[in-house]
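The values are calculated or read from the model by the stated rules, or taken from the named source; none is laboratory data. No experiment lies behind these values; they were computed from the predicted model shown. Cβ: placed from backbone, ideal geometry, glycine included. Neighbour counts: every protein chain shown.
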Amino acid sequence: MKNLFSLLLVTAILGFFASCQNAPKGAEAMTDAAKKVAAPAMAAKTYKVNGAASKVNWTGTKVTGSHTGTFNINSGTVQTKDGKVVGGNFNIDINSMMCTDLEAGKGKEKLEGHLKSADFFDTAAHPNSTFAITSVANGNVTGNLTLKGVTKSITFPATINVTDSGVSVMTNDFTINRTDFGMKYGSASFFDDLKDKAINDAVGLKVMLKAS
């Protein structure tokens, strides 16, 4: 019994370190149940998201390395009142996913295809992700993120600039837990004996958004 207990303890410790090693930058976004999205404030001004100037950077890590890439933001709006953001939403084109640290013909296409498969984002069934702002306060943005058919409220820090001509939003690096959105492939939290094949549950994100 003692030996069995020791084996289980070692396995748990190895699983913990496998999932935590080489984690992406940034604090984990506060995650909660989806919140109600308020109607736009009276007399709010609406700006249209500039997809060409907006994107989401991502970082995925595993025990043996990491990969980086981008998603396009293809549409959306931001509402302001009295120089402050009071609402908004945008669509992320998951099919636009690109890996930026690999070259074409050297694993890039294989990785992108796997990430788009049902093991991860399942773009055949869920080609888009959405984010709807529910509140902005004290330098933090809270909103409902829908990813792979699952909606969660997340909160993360961001720098927001509002002018007469538009709105720019730049987040700090932050992370979400991919398993919260049904992506369990390669997770040491759900599967044993992954060893150096374990993929970190945390996915690093950084959002750059402009609207005018």
Seminar exercise, completed: The condition from (1) in contact with a helix residue (DSSP H, G or I) (Cβ under 6 Å, 6 or more places away or on another chain); (2) touching a residue at least 40 places away in the same chain (Cβ under 8 Å) that V162 misses is numbered (1)
Exercise. Would you call T130 among the hydroxyl-bearing types (S, T, Y) and surrounded by 14 or more Cβ atoms within 10 Å (Cβ to Cβ)?
Worked result: yes
For this session: Give the number of residues within region 113-127 that are of a type outside the set (S, T, Y) and either in contact with a Pro (Cβ under 7 Å, 6 or more places away or on another chain) or surrounded by fewer than 16 Cβ atoms within 10 Å (Cβ to Cβ) (or both).
Result: 7
Problem set entry | Selected residue (criterion: farthest from V78 (Cα to Cα)) from residues of region 35-59 that are assigned to a loop (DSSP other than H, G, I, E, B) and modelled with pLDDT of 85 or more | S54
For this session: Have a look at K197, K152, K184 and point out the one that is touching a Leu at 6+ places or on another chain (Cβ under 7 Å), of a type outside the set (S, T, N, Q) and surrounded by fewer than 21 Cβ atoms within 10 Å (Cβ to Cβ).
Result: K152
Exercise. T159: among the hydroxyl-bearing types (S, T, Y), in contact with a strand residue (DSSP E or B) (Cβ under 8 Å, 6 or more places away or on another chain) and surrounded by fewer than 16 Cβ atoms within 10 Å (Cβ to Cβ), yes or no?
Worked result: yes
Exercise. Are there any pairs with C-beta distances below 6 angstrom linking a residue in region 80-95 that is of a type in the set (G, A, S) to a residue that is in a strand (DSSP E or B), with the two at least 6 apart or on different chains, and if so which?
Worked result: G83/V162; G87/Q79; G87/I133; G88/T77; G88/V78; G88/Q79; G88/I133
For this session: Return yes when F131 is within 13 Å of the chain's Cα centre (by Cα) and closer than 17 Å to A33 by Cα and no when it is not.
Result: yes
